[in-house]
Structures are given as structure tokens and as C-alpha cells.
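Let me begin by presenting the structure, written as C-alpha cells, before commenting on it.
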Amino acid sequence: MTPPIIRALSELRDDVYAWKSAGESVAVVPTMGALHQGHLSLVRAAKEGCDRVIVTIFINPKQFNNPEDYENYPRTEEEDARKLAAFEVDAVYVPDGAQMYPDGFATTVSVAGITDGLCGAHRPGHFDGVATIVTKLFTQTMADRAYFGEKDYQQLQVVTRLAKDLDLPIEVVGCPTIREEDGLAMSSRNLHLSDRSRTYAPEFNAAMEEVAEGLRKGQAFDALKAAAIARIERAGFTEVEYLDLRAADTLEVLETPSRPARLLAAAWLAGVRLIDNIAVN
Ligand code: AMP
């Protein structure tokens, strides 16, 4: 059965109050729609972790630093609802812009430090948009647990930080990145890749895996990084925005994987910005 689509906060709250007064736990899975197996893996984890599951779909204008990217972002609501039907989620919350940002809206949630580098450095305002909307979704849904993908690793750390700092009564759960068979991380933006670009896209992850392998063998990061960037560019990518080795928890810059580390990268392929990250140890 297609899950109920809820557009008004008051209606969502009525459901959540009823569930909570019956002693049921509530999960939220925030998304921007164009659902793929990566999103659905979060829904699966949420179903396992909580009695009730709310999937939210909101393409948040405040987290797009590029208006064209916002305009072109895939919008597939009916298909999304069909995909969610198989999971028997309890609500699909699809608020409109006025519900999320009513006239006079003037508040921004901003997480310092952890947002400085990586995507934060290349997408001005992006994480303020993410932090603001996620805080709203947490308080609107009053969920006990929120499920996020490691695919957006910096985002996961930002959201974990803000929930902790603001004493939000919610547990942030990170879930592993789901990939295509050839290693490409699933992403709604992959829909924008031409057939030709799609054949080159897996080189991005393959080059990152090569760096991780070299690091595990004790090779120097700088040389591995230069070789990986050359490989990614040879595959037709126009720009590697960053390819960094960071501490897995604080995202501090590392020279060697001396503690649990993450390799994170962003690169452009034929006008599409891809991001990926992998654990190094
Ligand atoms: P988005 O719709 O791109 O905002 O993503 C919504 C949620 O799905 C975020 O928590 C993402 O990290 C997560 N997600 C997106 N792609 C994947 C993937 N390939 N594997 C796991 N989680 C993902």
C-alpha cells in the first residue's frame, strides 16, 4: 500500500503524538527524494531500529549554493512513494517551502569547525542550510532516532555534532554507503550522468581505493594523492576539488592514518559533482 503523504506539520504531529503516547519509538529518514537503494538502506535500518518510520522528502533550497543545481535536482515524488510502499513506512512527510520557511523566517543553525574544509570550503552556506533544515526536521518529527548515510560523511559528522551541542533528544545513526556493482557510490545526482560519463565514473572510487590500499601498506599520502588525481583526471573528470585524509571523528587533517581515518573526495565529471569517502583503517 502506498504510504500516506503528509504535507502539514499539524497532521504529522498528530500521528507522532499518538505513536508516542502508545509507547512506540519513532525514526526519521531525511531525504531530498529521487530515492535509490542508498536511501532505501536507511529506511531498512530505521524499520529495524524503531516501531514507526517517517521518511521526509524536501529539496531544501537553503543547502544549494548553486541555483541551477537546485532547479535541476531530480523530482520524482510519485515514484518515490511507490518505492517506499514496499517498506510499509508509517508516513512520508513532504512539506512545501512555506511550511519549512514561513514568511519572516530568520534563524540559521551553524556548526563551526567541522564545516570549514572539504565540502564546506567548496559550497559556501551549504552546511548552514543542512544544519538548519535538519534541526527543524528533528524538532518537527520529534523522532527518537535519525538515520543518515556515510555517503555524505561530513554531513553525518555535522548532524551528530549539532544534535549533541543542542541537547536534541535524538540519536543520530550512521549507515554504510551503498554502491553500484562497479563501485560508484549511489547518488541522486548520478541520474545526470550521460551513458558515456557513467562508464568513467567508477574510476573515482577505484582511485580512492588505490590510495587507501597504499596507505595501509605505509606509503606516503602525498605521492598516492598525486597519482590518484592523475588517474581521476585521465578518466575524464574535469576537476578534483579535494582528496583529503582526515580523522574519522573530528575531520582534522592527517598526514598518515595514525588513528581511525577517512579518505574523502569531491570531483566533477561532465558538469556533475560527485563525492565519495572510504574508511582507511
Ligand atoms: P539526499 O537525498 O542525497 O539528501 O540523501 C538523503 C540521505 O541518504 C542522506 O543521509 C545520505 O547520506 C543518504 N544516502 C545518499 N546516498 C547514499 C548511499 N549511496 N548509501 C547510503 N546512504 C546514502
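The values are calculated or read from the model by the stated rules, or taken from the named source; none is laboratory data. From a predicted model like this one, the values you see are computed outputs, not experimental measurements. Please note: Cβ atoms are built from the backbone with ideal geometry, for glycine as well, and neighbour counts cover all protein chains shown.
Structure values in brief
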{"quantity": "Residue within region 104-112 that is part of a loop (DSSP other than H, G, I, E, B), within 29 Å of G271 (Cα to Cα) and either basic (K, R) or in contact (Cβ under 8 Å) with a residue 40 or more places away in the chain (or both) present", "calculated": "yes"}
{"quantity": "Residue tally, condition farther than 13 Å from A265 by Cα, in contact with a strand residue (DSSP E or B) (Cβ under 7 Å, 6 or more places away or on another chain) and part of a loop (DSSP other than H, G, I, E, B), over region 220-244", "calculated": "2"}
{"quantity": "Single unsatisfied condition, P176 versus (1) within 10 Å of the ligand (Cβ to nearest atom); (2) over 23 Å from N72 (Cα atoms); (3) crowded, with 17+ Cβ neighbours inside 10 Å", "calculated": "(3)"}
{"quantity": "Residue satisfying all of: in region 143-173; of a type in the set (A, V, I, L, M), within 13 Å of the ligand (Cβ to nearest atom) and not in a strand (DSSP E or B); surrounded by the fewest Cβ atoms within 10 Å (Cβ to Cβ) among these", "calculated": "L156"}
{"quantity": "Pair list, Cβ < 6 Å and 6+ apart or interchain, from region 254-271 residues that are touching a residue at least 24 places away in the same chain (Cβ under 8 Å) to residues that are hydroxyl-bearing (S, T, Y) and in a strand (DSSP E or B)", "calculated": "A266/Y242"}
{"quantity": "Residue match in region 57-66 (condition: modelled with pLDDT under 95, more than 21 Å from E180 (Cα to Cα) and surrounded by fewer than 14 Cβ atoms within 10 Å (Cβ to Cβ))", "calculated": "yes"}
{"quantity": "Members of region 186-218 found to be more than 16 Å from the ligand (Cβ to nearest atom) and among the basic types (K, R), listed by number", "calculated": "R196, R216, K217"}
{"quantity": "Flag for Q140 being touching a residue at least 60 places away in the same chain (Cβ under 8 Å), over 12 Å from the mean Cα position of the chain (by Cα) and more than 11 Å from the ligand (Cβ to nearest atom)", "calculated": "yes"}
